[in-house]
Amino acid sequence: MLLVHYLEDSRAHRILWLLEELGVEYEIKTYKRGQDMSAPDSLKKIHPLGKSPVIEDDGTIIAESAAIVEYLIDKYGADSGLRPAPGTDAALRYRYWLHYSEGSAMPILVMKLVFQKIPEQGPKLARPLLKAISNGVMKKLTDPQLKTHGAFWEAELQRDGWFAGKDFTAADIMMSFPVEVGMERIPFDQRPQALLDYLVAIHARPAYRHALQRGGAYRYGGNPIS
């Protein structure tokens, strides 16, 4: 049976969600984060980088979220409707958002998290200075970029309600994590209604909720900001 190596409270939730949407049977091996929120070394026994998600299927190990999604759709979801028909505008949008989620969105979101964490990692007496430096960098560097990304998402969802067209696809599964995280880290200039509607829609999907039940705690799986 397909096995998901699942790091608790992580973007690996998306793979469980996709498997639930596809109706594929799977097992989970859960890994606990350390006190510093890092993944345990035991994940390196599965894949050299020690990252999650990783899946094992018929003796094959696949890492990287988008690569896993493409593998699962190819093998189990060709007729699922979770990938648009080839040659369509929706197919181009689908491919873009599938890879944009990790290639463009997550690096800047992670960068902001790093700067948010810097002050608490330094000596106690230096923390006020480190906080001032971190806040300055975020104001000048990360926040302007994040606002640009957030406005881009909002405009895209205002078109059709989903990222790849009028229908829900696996691109929406991939974009769920950046959007969920972005609601905490992006200083929006105005209420992002399309993004909020999108979060309500994905959180209401039965497969999303089933994945939460199977995977356990996931801090971004609650209701979006009202």
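The values are calculated or read from the model by the stated rules, or taken from the named source; none is laboratory data. Please read all numbers here as calculations on a predicted model, not as lab measurements. All Cβ positions, glycine included, derive from the backbone under ideal geometry; neighbour counts span all protein chains shown. Surface areas here come from the heavy atoms of the whole protein model, side chains and all, with no ligands, DNA or RNA. Shrake-Rupley method; radii C 1.70, N 1.55, O 1.52, S 1.80 Å.
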Note on residue 46: of the conditions (1) surrounded by 14 or more Cβ atoms within 10 Å (Cβ to Cβ); (2) out of contact with any helix residue (DSSP H, G or I) (no Cβ under 8 Å at 6 or more places or on another chain); (3) more than 12 Å from residue 6 (Cα to Cα), unmet is (3)
Being without any contact (Cβ under 8 Å) to a residue 12 or more places away in the chain and of a type in the set (Phe, Trp, Tyr) narrows 152, 177, 168, 188 down to just 152
(1) β-branched (Val, Ile, Thr); (2) closer than 27 Å to residue 161 by Cα; (3) surrounded by 15 or more Cβ atoms within 10 Å (Cβ to Cβ) all hold for residue 4 apart from (2)
Do we have residue 104 as assigned to a loop (DSSP other than H, G, I, E, B), among the hydroxyl-bearing types (Ser, Thr, Tyr) and open to solvent by less than 70 Å² (accessible area, probe 1.4 Å) here? no
Looking at residue 122, is it free of Cβ contacts under 8 Å to residues at least 12 places away in the same chain and of a type in the set (Gly, Ala, Ser)? yes
Out of all the residues in the range 74-99, which are more than 22 Å from residue 177 (Cα to Cα) and of a type in the set (A, V, I, L, M, F, W, C)? 78, 85
Could you tell me whether the range 68-84 includes any residue that is under 30 Å from residue 140 (Cα atoms) and open to solvent by less than 60 Å² (accessible area, probe 1.4 Å)? no
Matching residues in the range 74-120 - criterion: being among the acidic types (Asp, Glu) and either closer than 23 Å to residue 10 by Cα or under 20 Å from the mean Cα position of the chain (by Cα) (or both): 102, 120
